[in-house]
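Please treat every number below as a calculation from the coordinates, not as lab data. Given the structure is predicted, the values throughout are model-derived calculations rather than measurements. Positions of Cβ are generated from backbone atoms using ideal geometry, with glycine treated the same way; all protein chains shown enter the neighbour counts.
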Amino acid sequence: MQASRREFVGRTLCGCLLGSLWQPAAARVLATDLTPLVSSGYRPTDADERGLWQACDRLEQQVASSGLLLSDAALKSYIRGVLERLLDGQATDLRIYPIRNPEFNASMTPNGMLMVHTGLLVRMRNEAQFAAVLGHESGHYLRRHSVKNWRDIKHKTAAMSVAAMFGVAGLAVNMGLAMSLFSFSRELESEADAYGLQLLKGANYPPGAAGEIWAQLIGERKASARERNKLYKDRSTSALSTHPPTEERMRDLTETAAALAKESAAAHYDARREAWLAAVAPLRPMLLEEQVKLNEPGASLYLLESLAQDGWDGLLRYYEGETYRLRAATGDSERAAQAYAAAVAAPDAPPEAFRAHGYALLRGGNGEEGRRALTRYLELAPHAVDADMVRFSLNQH
Amino acid sequence: MRAVIVLAVAATALSGCEVSGYALVPTTGAVPVANGAMTIHPAGAWNKAQSAAVRSPEEFWTQNGPVLDRVYFVGAVKDGDAIVKQRPNDERKVPVFHPTMTPQDLTSMVESAYRIRRGAKVFETTGVKPVTFLGQQGVQFDFNYMGDDDVRRRGRSMLAVAGEKLYMMTLEGTALHYFDAALPEFDAMAASASIH
């Protein structure tokens, strides 16, 4: 019961109601005249906000002990560095929790708990893009959006508040109120977008990074739709959409970023791509495994090709092969075999690439080379959990 | 017991499975499972879920409720079919079965099923080894996983291909107590399993 309560609280407070997720945006807000409403060391004063913070403190205790937490001191230290670039001293008010979850998301609660999904880490291409998401979440935090949303919800009918807790299906009980609830949330999202751009610019990150994220997400969704022979739909057309209206949002962010860049044409921006790649490199096998094993081939291939813009390496080729192997459409055996062959030719091929290469060769009738690849796998990973199975396969061929 | 079943029904409903009730499995004699594709000799007291799963390749039993332990039976899966029921346009699809699958293909198929259908966010393979299952050369796949409910679970799948069809039994249970408690009975049932 503890677990289900944790899930419920997490969804309700941080997801549906507070609007602190990376979620829908409404009309474009100019990145001017937005000042922080939270100063360093801020503590809530009135009853509404104190209650909200207490609920979030309880949630944080549960998150801090969750088995889904990614305990990685180096990563947390890196994220703290990005927050300090964005927020200076105010970054010390925030606590960082990387979470194992392949969905693209991040959230920040009003008490300063920042949760970053691994599905976000795998998709960002430089520090500026990552900072754009943290800037957006910081915008919610510094503008105290959650307490605004909380009060707004409290002013609606009691029935509506209860319904809201049960998500979109529950909201259908009162479409009018539901529409106003989502509209309000989208306004806050737009404000957070604009505030995030200000923070980006202030930290010398290129403000255009925020729009790039949405371009990438749209590209990924289109690739996924194509794979399934479906037409891509920008989900902003749904009034009750809980997904970002991405085309519109990308346009707003790009225009605002261009305006900001024009204001200070001489500014020297740095996306800090190398720093980003160095920070996520140790995590990349895990991040790609999470994505590829979801067997969403259109999205996975789009992602892999994006990551390979500077050249393919052994790891990327291995996961390209894995994507084809799991899809198993006509011709995919050959595509997977080619990808594995390319992977093991690279100096940084993971041991698993030799296993996959070996089985692909055996399937293709090339017993000698297949056995050689499987033997190499066992040499590289003698204590692998499937070593007995691979030895058995070797003896069979 | 009734409370356990009510809780089990509620929990399973939340997880997306439609369970309309449970029937006690006879503890003696041979019992057909997976739409009659296999026969096993049950060990211990198990409850068979009565559900829409009749139309799916899956059948599951539980001792203490599906949140705590389950045994799945999947039988006679044909070339091109999946071990779970799914639609052609699902965004994420569990890889379909092919008789030419290697051990790594079989285990990654099960892993994807857990990631896609059971919401596993952390999935770790702890063992893959050759075994005899259903009188065939088979694979024993051991793993653990954790989903959004933050409960660590362990699992063991026994897989074999016979007559170009896939047969599978899987035990999953909470890493705290229930998996270990059910494992001897599961292993005994797997050893007793035969193909019709």
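Key figures
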quantity: Over region B:31-141: Kirkwood hydrodynamic radius from C-alpha pairwise inverse distances, Å; calculated: 15.4
quantity: Kirkwood-Stokes translational diffusion coefficient of region B:85-129, alpha-carbon pairs, 4 °C, 1.567 mPa s, µm²/s; calculated: 112
quantity: Burial ranking of peptide ranges A:90-103, A:46-59 (average Cβ count within 10 Å, highest at the top); calculated: A:90-103, A:46-59
quantity: Pair A:Thr35, A:Glu103: separation of 7 Å Cα→Cβ label points (nm); calculated: 3.7
quantity: FRET efficiency estimate (nearest 0.05) - Cβ-Cβ, A:Asp310 to A:His397, R0 45 angstrom; calculated: 0.75
quantity: Under 5 Å, built H, 5+ apart or other chain: amide partners of B:Gly138; calculated: B:Val131, B:Thr132, B:Phe133
quantity: Distance cut-off 12 Å, percentage of C-alpha pairs in region B:139-188 lying past it; calculated: 65
quantity: Nitroxide proxy distance, nm - points 7 Å out along Cα→Cβ at B:Glu124 and A:Leu380; calculated: 2.2
quantity: Built amide H within the under 5 Å cut-off of B:Gly127, gap 5+; calculated: B:Asp142
quantity: Gyration tensor verdict on region A:101-146 (Cα atoms; rounded if a/c is under 1.5, prolate if a/b is larger than b/c, oblate otherwise); calculated: oblate
quantity: Region B:71-182: relative contact order as a whole-number percent, Cα under 8 Å and 6+ apart; calculated: 26
quantity: Amide N of region B:119-136 lying under 16 Å from the label point, which is placed 7 angstrom from the Cα of B:Ala175 along Cα→Cβ; calculated: B:120-127
quantity: Exercise: per-residue mean of other protein chain Cβ atoms within 10 Å, A:385-394; calculated: 6
quantity: At R0 = 30 Å, FRET efficiency that the Cβ-Cβ distance of A:Arg372 and A:Arg335 yields, to 0.05; calculated: 0.85
quantity: Exercise: per-residue mean of other protein chain Cβ atoms within 10 Å, B:146-156; calculated: 4
quantity: Local electrostatic count, B:Val33, Cβ distance below 10 Å [Lys/Arg +1, Asp/Glu -1]; calculated: 0
quantity: Estimated FRET transfer efficiency when R0 is 25 angstrom, pair A:Ser66-B:Ser20 (beta carbons, to 0.05); calculated: 0.15
quantity: Cβ neighbours within 10 Å from other chains - mean over B:96-109; calculated: 4
quantity: Cα-based radius of gyration of region B:86-177 once divided by 2.2 N^0.38 Å, which approximates compact folds; calculated: 1.11
quantity: Chain B: C-alpha gyration tensor shape, a/c 1.5 cut-off, then a/b vs b/c; calculated: rounded
quantity: Projected area averaged over orientations for region A:284-349, convex hull of C-alpha atoms, nm²; calculated: 3.9
quantity: Relative contact order of region A:66-149, pairs being alpha-carbon contacts under 8 Å that are 6 or more residues apart, as %; calculated: 25
quantity: Estimated [θ] at 222 nm from DSSP helical runs (n ≥ 4, -39500 (n - 2.57)) normalised by residues in chain B, nearest 500; calculated: -7000 deg cm²/dmol
